[in-house]
Amino acid sequence: MPTEGLTPTGAAFAHPRAHKAKESLWEFTKKFFARFLFLWVVFGLFALDKTVILAQEHIDYSTQGIAALNALIMAKVLLLAEDFHFAERSKSDEPLLIPILWKAFAFSLLFIVVHIVEEILKGLLHHKSLMDSLPTFGGVKVLLCITAILFISLAPYFAFHELGRIIGRTRLRHLLLKGGPAPRESEGAS
């Protein structure tokens, strides 16, 4: 009995497009969730750092919920930017380190711009002026520090992303999680 077009429970799909849409939604969900978890860890560490610093001044402050919300927003931004090939380079003869560092830098700047736009929109929704809505980073040094931390945090993500693109996601996953010789694959997925 052929199994094509069947759900895991064995029921037939009403239309092949529904099956394709369901598979596409599942792939999107997996990609989104992986990016969300990574960014939640990154933003959660930012929030933890801020909490520790403020606790030294006896200020009770916890922002883990905001870190999760920001991770949700930025995971969607990351997926959209990847779909639009943001910061893609077409040079195939350059060392892999170049696109990794370039993407980490470009996405760090993108995240900061999105954060600024987000803060402006929040301010405008609360009837503040545009100037009053601009986020305060604590000066240029703090902004550069945040950019550097984002850059360092995003570099491993793009290293795995680029390696997966070159050797295949399945093979990379096998090398990282199972060890030993990894099977070859024809998939050059993103």
- Simple label model, 7 Å out from Cα along Cβ direction - L69 to H127, nm: 2.1
- Query: Helix by helix, which DSSP H runs in the chain go 24 Å or more along their axis at the Cα atoms and have an average Kyte-Doolittle hydropathy of 1.0 or more?
  - Reply: 64-83, 97-125, 140-167
- Message: Compute the distance from the alpha-carbon center of region 146-167 to that of region 52-78, in whole Å.
- Response: 21
- Message: Quick check for me: using +1 on Lys/Arg Cβ and -1 on Asp/Glu Cβ, what's the dipole size of the chain about its Cα centre, in debye to the nearest 20?
- Response: 440
- State log₁₀ I(q)/I(0) for the chain at q = 0.10, 0.12, 0.13, 0.18 Å⁻¹ as given by the Debye formula over alpha-carbon point scatterers of equal weight, solvent excluded. -0.58, -0.78, -0.88, -1.32
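Sort D132, D60, D93 so the one with the fewest other Cβ atoms within 10 Å of its own Cβ comes first.
On the way: D132 11, D60 7, D93 4.
So the residues, fewest neighbours to most, are D93, D60, D132.
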- Roughly how many nanometres apart are two label points built 7 Å out from the Cα toward the Cβ at L175 and L79? 2.7
- By count of other Cβ within 10 Å, fewest leading, how are M74, M131 ordered? M131, M74
- Given a Förster distance of 30 Å, the FRET efficiency implied by the Cβ-Cβ spacing of A148 and E23, rounded to the nearest 0.05, works out to 0.15
- Item | Proximal lysines to K20, defined as alpha-carbon separation beneath 29 angstrom and excluding residues fewer than eight positions away on the same chain | K30, K31, K76
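Read the figures in this text as sums done on the coordinates, not as results from a lab. What you are looking at is a predicted structure, and each value in this text was computed from that prediction instead of being measured. Please note: Cβ atoms are built from the backbone with ideal geometry, for glycine as well, and neighbour counts cover all protein chains shown.
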